[in-house]
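Notes follow once the structure below has been shown.
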Amino acid sequence: MENTYAEQILESYRKFVSAHAPLSDETWKLMKPIVSVGSCNKGERFIEEGKICQHVYYIFSGSARSYSNRDGDEITTGLYLEGVCVTNMKSLSTQSVSTINVQALEPMQFAKLSRNELMSLYDQSVELQAVGRAILETMIVEENELKDMYTLYDPEERYKFLLQKSPSLFQRVSLQYIASFMGIRRETLSRIRSKSARSGQ
């Protein structure tokens, strides 16, 4: 990856972090060396079941899904587009093996932050501690919002929620994965979409 493109990704990540926590130039200089830039091919897994997750990934371009294997079926547990962070929170926090996979659905470019290297720098910067907490809290809020989708909404309301939250999801991600994420069959999602289209919603 060309240096100029890598710098573009890092600058995008810096803006993301700055939107959620104060980030001085001094703290960014401390943080930048532990952030690396990488890419994934479509279909490639960058967090794997059975391995310990050591990084938080910021998606600069592309999309991804998290999924678990249950009785031979893949259950989609998360869908992600550019501009968000993704990790396995439980594996990252407890250093236990991951029970999910996270897979690129499109060619993907990302910045990844090393958990262990971040924690090793905490003694040097109180502000960096706040940054680390803010990144994790942002993902926790997102997780809780999606849990509410399952517990508070029926399938039609889940569809409207996702359509409002991320309309491009339905142009870029397979309906099979979206239906699995919503906890319904693909045929049910197709009926909900047709009904919504007829009602002009």
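A dipole drawn for region 44-201 from +1 and -1 charges on Cβ atoms has a positive end, and of Thr151, Thr138, Ile184 the residue lying farthest that way is Ile184. Charge dipole (Cα centre; +1 on Lys/Arg Cβ, -1 on Asp/Glu Cβ; no other charges) of the chain amounts to roughly 680 debye. Working from Cα pairs under 8 Å separated by at least six residues, relative contact order for region 3-152 is 32 percent. By other beta-carbon atoms within 10 Å, ranking Glu143, Glu49, Glu187 with the fewest at the front produces Glu187, Glu143, Glu49.
Summarising the label geometry, the points placed 7 Å from Cα in the beta-carbon direction at Ser36 and Glu117 lie 0.7 nm from one another.
The numbers here are math on the coordinates, done by the rules we state, and not lab data. Not measured: the values here are computed from a predicted model. With ideal geometry, Cβ positions are generated from the backbone for all residues, glycine too; neighbour counts draw on all protein chains shown.
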